[in-house]
Amino acid sequence: MYLSKRKNGKHYYLSLVESVRVNGQVYKKTVKQFGRIDLLDPQFVTSLEEQYAKQKLSRQLTAQQQRDEAVKAVQKLQHSAVLDSHFNKAPLLHYGHLPLKALWEQIFGLKYKLDRLQAAESAISAYKINDIAFYLTALKVLDPQSYLGAYQAQSSFLYNPLAGIALDNIYAALSFLHKFKDDILAHAVKKLNVHYQGEPRLIFYDCTNCYFESPYDDKEQFIHNYTAKIKRGLEKAGYSVSEIDAYLQSAEFRQEVTEEVESRTFYRMRGPSKESRFAQPLTAIALVIDDRGMVLDYTVFSGNLSEFKTLEPAIKRLQNKYRVKNSYVVADRGLNSVLNLKMLKQQELGFIVAQKVSYQEKKLREMMLSADGWKTPDGSVRLDDIADEPFRYKVCDYVKTARVKQDDGKEKLITQPCKIIFTYSEKRYKKDLYELDNAVARAQKALEERKLLKTSFGSGWRSLVATKAESVSGKEKEMYRVTGLKAEVIAERRAIAGYSAVVFSPPAGLAAEEQFTAEEILGAYKRLVRIEDCFRVMKSTFSLRPMFVREYEHINAHCLLCVLALNLLRVIGLKLNDINDSINLNDISQALSSAKLVMLPTGADEPLFINCTEFNDIYTKERVKPGRSKAALNELNDAAKIRDDYIRERQENADKLDRILQALDLTPLPLYATLNQVQKALKIRIGADKMIDPALNAVSEILAQENPGKTA
């Protein structure tokens, strides 16, 4: 109990208040009212304040005494023969998700949004979808695994959001997240922009694909299941085995299956894999990020869909959410088509897209190889000795054209005026020649061996060889024998080595003085690597693939959780930048993953924790490499040097986890901490009964009874 002074109207009133916990919620209960302070005897007020101040101090001293006794018990165990038995039984709990909780609720406003959506759009009331969504998103950062594994790992967390939730509820929550994916992500991004204002000048777009550990794609699985269903129906109707087989092999059944297949959309399909997973079904994921690296939107497509066809639906979805204007869309050359560029202009967006320099029309190639119009990086025009510049560029007017077949079968000429920037880099020239020489050497070897190829076309060295179709015994399809080298193709590659190009056009609504310069255009395209970094983090750190779900709605929700996890890490990166610090996303994830507490069975009223971490960043290549690398040798700095380097770096550069907590305006935990200290340091307003899983509480009580060093 404590004294409370509250203002009501023009006067202050004194009362005695008690905090009462009911079903995990804390309520304030007025025990006694003393009246207006200005009408009370000052000595009476002073005596009350002294009385309850002493009681508060007594409670604090008692709590501190319990903490001190618990620490002494732990220190006593350090010299005890039973040390191992106590620590082996002590639960190890993650707390790295707790710093993410404030970002989830305050920066992105996701608790509010999910609770509102659940109340308005769902009949689910037995559990909170927000709790499941937060836990699964945090787990992507801390310890990514399958959803069954995620459910089984819940007891390893200090504050378990899944307490009392069944496994089936997780999949129901995934279906809910899929249904309201656009609302959820748009809300999170808009809330983020309240904290970090400004419409993005650059929007980066790219596609990747993810594989599934499955022998069948969705189409094959559907045909198999559909055939089995028809077969069971015929068996129940009394048809014989021969009659069933005859029907299943008939043209009528094949037509029926074809109509069923054409009426459905399949997402897990085989297609061009960016990870050479050609034998496994894939799904394509298109990502849209801003110039801060934040994911604005994503779309899941069928794994066999061409990248060219993903841009239009993805950009239109983006515009429906945010109505973005005055922004440039930056993309790789795999998405460069006249129809795509024209669509971007119709959406009132600009574009910066890579352009192939090989197989260009004659006029454009002559324009690129001409010595006229080149500029140096500082923008100055060089009329002489421009060829000596290690990097140069030129800007030219350009009209992209394409012939598109119409519904009536006729072709129509489509044009899109824009500008093209040609660049020449000495560094790129050396790289291109090195790769070309290697490809020519492999092509020459294939010619000498008269190698047989499966196709007459290909990339790399295969594009440099001439072939002739040849029938091979035992092979159903024709093979192609290498008969020579394509000298004209090799000469073309040598002539354009070192050159690259980008086409661009500013947004229609952007004033001339606000449009990007050529140097800014080139710098913007170089930043496209950020989206590759997003894919790398999602695939490697968050285990985006292989996917352990097969229903489309669960696949979509799985991607949403990875996107939200990525944006959480990006915000941490921004907050680190605010205090002039920087940690890459992978290291942020590792630091949060290593944040663990050991809950010790001391027997005190309040549990005691030891703050611990995993030292998983000792053997980095910077510390173990003695200055040079030879694969045939086992070169490694000695352990003493690795240790000294690690200690020195830790002294010079504070622990990553502590830096992250400080950037989030939280307090790093001490070595020994009670539950109350943990809550205060991490600013967690959750009742003690919810902080520790009930099952762990029971385990802790058993361990405390077994602990000979416990304090009474």
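The values are calculated or read from the model by the stated rules, or taken from the named source; none is laboratory data. Bear in mind the structure is a predicted one, so any value in this text is a computation, not a measurement. Here the Cβ positions follow ideal geometry from the backbone for every residue, glycine too, while neighbour counts run over all protein chains shown.
In table form, for the structure just shown:
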read-out: Single residue of ALA138, ALA119 found to be among the hydrophobic types (A, V, I, L, M, F, W, C) and surrounded by fewer than 13 Cβ atoms within 10 Å (Cβ to Cβ); value: ALA119
read-out: Members of region 114-152 found to be in contact with a His (Cβ under 9 Å, 6 or more places away or on another chain) and not in a helix (DSSP H, G or I), listed by number; value: ASP143
read-out: Any pair with Cβ under 6 angstrom, 6 or more apart, that starts in region 467-483 at a residue that is under 16 Å from ALA446 (Cβ atoms) and surrounded by 12 or more Cβ atoms within 10 Å (Cβ to Cβ) and ends at one that is at pLDDT below 90 and of a type in the set (Asp, Glu); value: MET479/GLU470; ARG481/GLU470
read-out: Filter result for GLU243 (at pLDDT 90 or above and loosely packed, with under 11 Cβ neighbours inside 10 Å); value: no
read-out: Test: residue in region 440-454 that is under 38 Å from the mean Cα position of the chain (by Cα), in the same structural domain as LYS362 (by TED's automatic domain parsing) and surrounded by 14 or more Cβ atoms within 10 Å (Cβ to Cβ); value: no
read-out: Only listed residue being modelled with pLDDT under 90, surrounded by fewer than 20 Cβ atoms within 10 Å (Cβ to Cβ) and of a type in the set (D, E, K, R), chosen from LYS325, LYS345, LYS316; value: LYS325
read-out: Residues of region 401-421 classified as more than 40 Å from the chain's Cα centre (by Cα), part of a strand (DSSP E or B) and not hydrophobic (A, V, I, L, M, F, W, C), total; value: 2
read-out: Scope region 315-338; condition out of contact with any Leu (no Cβ under 9 Å at 6 or more places or on another chain) and in a helix (DSSP H, G or I); matching residues; value: LYS316, ARG317, ASN320, ARG333, GLY334, VAL338
read-out: So PRO670, is it modelled with pLDDT under 75 and over 28 Å from the mean Cα position of the chain (by Cα); value: no
read-out: Residue list for region 507-531, restricted to those being within 22 Å of VAL141 (Cα to Cα) and touching a strand residue (DSSP E or B) at 6+ places or on another chain (Cβ under 7 Å); value: ARG530, ILE531
read-out: Single condition ALA186 does not satisfy, out of (1) among the small types (Gly, Ala, Ser); (2) over 17 Å from SER125 (Cβ atoms); (3) not in a helix (DSSP H, G or I); value: (3)
read-out: The one condition in (1) in the same structural domain as LYS431 (by TED's automatic domain parsing); (2) within 19 Å of ILE203 (Cβ to Cβ) that LEU369 fails to fulfil; value: (2)
read-out: Filter pass, HIS558 being under 18 Å from THR283 (Cβ atoms) and in contact with a Leu (Cβ under 6 Å, 6 or more places away or on another chain); value: no
read-out: Filter pass, GLU389 being acidic (Asp, Glu) and at pLDDT 90 or above; value: no
read-out: Some residue of region 564-573 being farther than 30 Å from TYR424 by Cα, assigned to a helix (DSSP H, G or I) and modelled with pLDDT under 85; value: no
read-out: Candidates PRO200, PRO144, filtered to the one that is more than 18 Å from LEU564 (Cα to Cα) and either buried (at least 18 other Cβ atoms within 10 Å of the Cβ) or in contact with a Lys or Arg (Cβ under 7 Å, 6 or more places away or on another chain) (or both); value: PRO200
read-out: Condition broken by PRO546, with the remaining ones in (1) of a type outside the set (Lys, Arg); (2) without any contact (Cβ under 8 Å) to a residue 40 or more places away in the chain; (3) in contact with a strand residue (DSSP E or B) (Cβ under 9 Å, 6 or more places away or on another chain); (4) surrounded by fewer than 16 Cβ atoms within 10 Å (Cβ to Cβ) satisfied; value: (2)
read-out: Meets criteria (part of a helix (DSSP H, G or I), within 21 Å of PHE516 (Cβ to Cβ) and over 27 Å from the mean Cα position of the chain (by Cα)) for LYS342; value: yes
read-out: From THR310, THR283, THR299, residue being over 24 Å from GLY509 (Cα atoms), in contact with a strand residue (DSSP E or B) (Cβ under 8 Å, 6 or more places away or on another chain) and either surrounded by fewer than 18 Cβ atoms within 10 Å (Cβ to Cβ) or without any contact (Cβ under 8 Å) to a residue 24 or more places away in the chain (or both); value: THR299
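Yes or no, residue by residue, for (1) over 30 Å from LYS683 (Cβ atoms); (2) crowded, with 16+ Cβ neighbours inside 10 Å; (3) among the hydroxyl-bearing types (Ser, Thr, Tyr):
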site: ASP115; (1), (2), (3): no, no, no
site: ALA150; (1), (2), (3): no, yes, no
site: SER155; (1), (2), (3): no, yes, yes
site: LEU167; (1), (2), (3): yes, no, no
site: LEU174; (1), (2), (3): no, yes, no
site: HIS178; (1), (2), (3): yes, yes, no
site: VAL194; (1), (2), (3): no, no, no
site: GLU213; (1), (2), (3): yes, no, no
